[in-house]
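Written below as structure tokens is the structure these notes are about.
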Amino acid sequence: MLLEHKDITKPLILLVSKKAVKRKDIKYHSNLFNELDRNAKDYSNGVTLLFEGYDEDQREIYQIPEVRKWVKLLLNKVPHLFYYLCDFTESITMIYLCVAKIKNVSAFRNRKNCEMEFESELRDYIIEAVYKYSLSKKHTEIETIIICERVIKAMGTFKIN
């Protein structure tokens, strides 16, 4: 067992090392999400992924190809990932940008603008996974819809400072 529930607090910050990213090693993190599964309701909207070792890189995390590949691998292994991600830390937005097709990123007066292709299949995949997972965790239909709306709203919010 990787985690003891009594030792975990919300919000939960999961660090992802540059070494894990370069090796495309998602095992540790996918196992952590499996551990959270036992107490899923406690961690819905409570997890932030932080990538270590990229502080000197001028690019945004979603512009780094190796990070994008790592996130895509994790999403394939943990399709309900967005159920757990925080909207208030912009974790949903950043992780969504890692898996979305980005056309252009520009900066003006310290504000970044991100132009991307709208991918209905990707959004549908994410929302369907969150919806099914929420119901499997005994959320009511109303709670499930609220969770899905939270994820949709965060995926559509692209104010990046």
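Structural remarks
- A Cβ distance below 9 Å, combined with a sequence gap of six or more or placement on separate chains, defines the contacts here; from segment 122-136, residues that are on the phi > 0 side of the Ramachandran plot reach no residue that is modelled with pLDDT of 95 or more and among the hydrophobic types (A, V, I, L, M, F, W, C).
- Segment 71-97, residues that are part of a loop (DSSP other than H, G, I, E, B), at pLDDT below 95 and not polar (S, T, N, Q): C86, D87, F88, E90
- Scanning segment 39-66 for residues that are in contact (Cβ under 8 Å) with a residue 24 or more places away in the chain, more than 17 Å from the chain's Cα centre (by Cα) and assigned to a loop (DSSP other than H, G, I, E, B) gives G53, Y54.
- Verdict on L36 being within 23 Å of Y133 (Cβ to Cβ) and assigned to a helix (DSSP H, G or I): yes
- Residue under evaluation K19, criteria (1) in contact with a strand residue (DSSP E or B) (Cβ under 7 Å, 6 or more places away or on another chain); (2) loosely packed, with under 13 Cβ neighbours inside 10 Å, criterion not met: (1)
The values are calculated or read from the model by the stated rules, or taken from the named source; none is laboratory data. In this text the structure is predicted, and so the values were computed from the model without any measurement. A quick note on method: Cβ atoms are made from the backbone with ideal geometry, for glycine too, and the neighbour counts reach across all protein chains shown.
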